[in-house]
1. Kindly establish whether Glu26 is assigned to a helix (DSSP H, G or I), open to solvent by less than 50 Å² (accessible area, probe 1.4 Å) and without any contact (Cβ under 8 Å) to a residue 40 or more places away in the chain.
2. Kindly list, by first and then second residue, each pair from a residue in region 149-162 that is farther than 17 Å from Met1 by Cβ and modelled with pLDDT of 95 or more to a residue that is of a type in the set (Phe, Trp, Tyr) and open to solvent by 40 Å² or more (accessible area, probe 1.4 Å), limited to pairs with Cβ atoms under 9 Å and residues at least 6 apart or on different chains.
3. So, in region 29-49, how many residues would count as being in contact with a helix residue (DSSP H, G or I) (Cβ under 8 Å, 6 or more places away or on another chain), closer than 23 Å to Ser153 by Cα and either part of a loop (DSSP other than H, G, I, E, B) or of a type in the set (Phe, Trp, Tyr) (or both)?
4. Surrounded by fewer than 21 Cβ atoms within 10 Å (Cβ to Cβ) and more than 20 Å from Gln156 (Cβ to Cβ), is that true of Thr57?
Amino acid sequence: MVPKNEYAPYFEQYLQLVNQEKSIVENLVASQNDFEQTLSNIDASKHNFAYDKGKWTLKELIQHTIDTERVFIYRALCFARNDKTDLPGFDQDIFTQNDNANQREFDELLNEMKVVRESSIALFQSFSDEAFQRIGVASNNTMSVRALGYLFSGHQIHHLNIVKERYL
């Protein structure tokens with residue numbers, strides 16, 4: 001289990017969704033497989049669907065998952081390499097307003113998520129046990145490399161649960 005002092009309380013909701021008895025890589029693979037299997041079977045008529053006014057379309061949700069993983073993988077890389085620079089936050093709504101997701105092909109988005117996840121897996125496989133313990137600061141919160149690794153899967157599972165509840 002990732003100790004609570006290794007992440008901000010907000011991230012608890014995501015970390016609770018993963019099986020921390022399994023490795024980070026096992027979780028990354030499993031959550032990506034579930035994501036791909038579920039989303040690849042969604043009818044094209046739902047690709048630009050948003051379940052309510054002001055909510056993301058399915059394409060925007062996928063792009064958000066991609067963007068968030070990219071931002072957080074940079075954090076994990078910096079922390080693992082023992083860079084002590086405080087990293088900024090990011091505004092997911094500004095990202096979404098400027099992501100062009102709804103003009104992209106659905107399969108292209110799914111493939112991009114797959115490639116990003118494969119890159120994340122490769123990076124986490126390269127980290128030493130010591131690197132997983134390292135802690136950095138992002139968005140004025142401390143976070144360990146280990147917590148970030150589990151967070152990726154939890155964040156993806158969180159959004160997949162929303163897809164299953166509100167988009168299907």
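1. Details: assigned to a helix (DSSP H, G or I): yes; open to solvent by less than 50 Å² (accessible area, probe 1.4 Å): no; without any contact (Cβ under 8 Å) to a residue 40 or more places away in the chain: yes.
So Glu26 does not fit the description; no.
2. If the second residue must be of a type in the set (Phe, Trp, Tyr) and open to solvent by 40 Å² or more (accessible area, probe 1.4 Å), the pairs left are Ile162/Tyr51.
3. 3
4. So Thr57 does not fit the description; no.
So that you can scan it fast, the table gives a plain yes or no per residue for (1) more than 26 Å from Arg166 (Cβ to Cβ); (2) open to solvent by 40 Å² or more (accessible area, probe 1.4 Å); (3) in contact with a Phe, Trp or Tyr (Cβ under 9 Å, 6 or more places away or on another chain); (4) not acidic (Asp, Glu):
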{"position": "Val18", "(1), (2), (3), (4)": "no, no, yes, yes"}
{"position": "Lys22", "(1), (2), (3), (4)": "yes, yes, no, yes"}
{"position": "Thr68", "(1), (2), (3), (4)": "no, no, yes, yes"}
{"position": "Ala76", "(1), (2), (3), (4)": "yes, no, yes, yes"}
{"position": "Phe95", "(1), (2), (3), (4)": "no, yes, no, yes"}
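The values are calculated or read from the model by the stated rules, or taken from the named source; none is laboratory data. In this text the structure is predicted, and so the values were computed from the model without any measurement. Because the Cβ atoms are built from the backbone with ideal geometry, glycine has one as well, and the counts that use them run over all protein chains shown. Please note that ligands, DNA and RNA were not included when accessible areas were found on the heavy atoms of the full protein model with its side chains. Shrake-Rupley method; radii C 1.70, N 1.55, O 1.52, S 1.80 Å.
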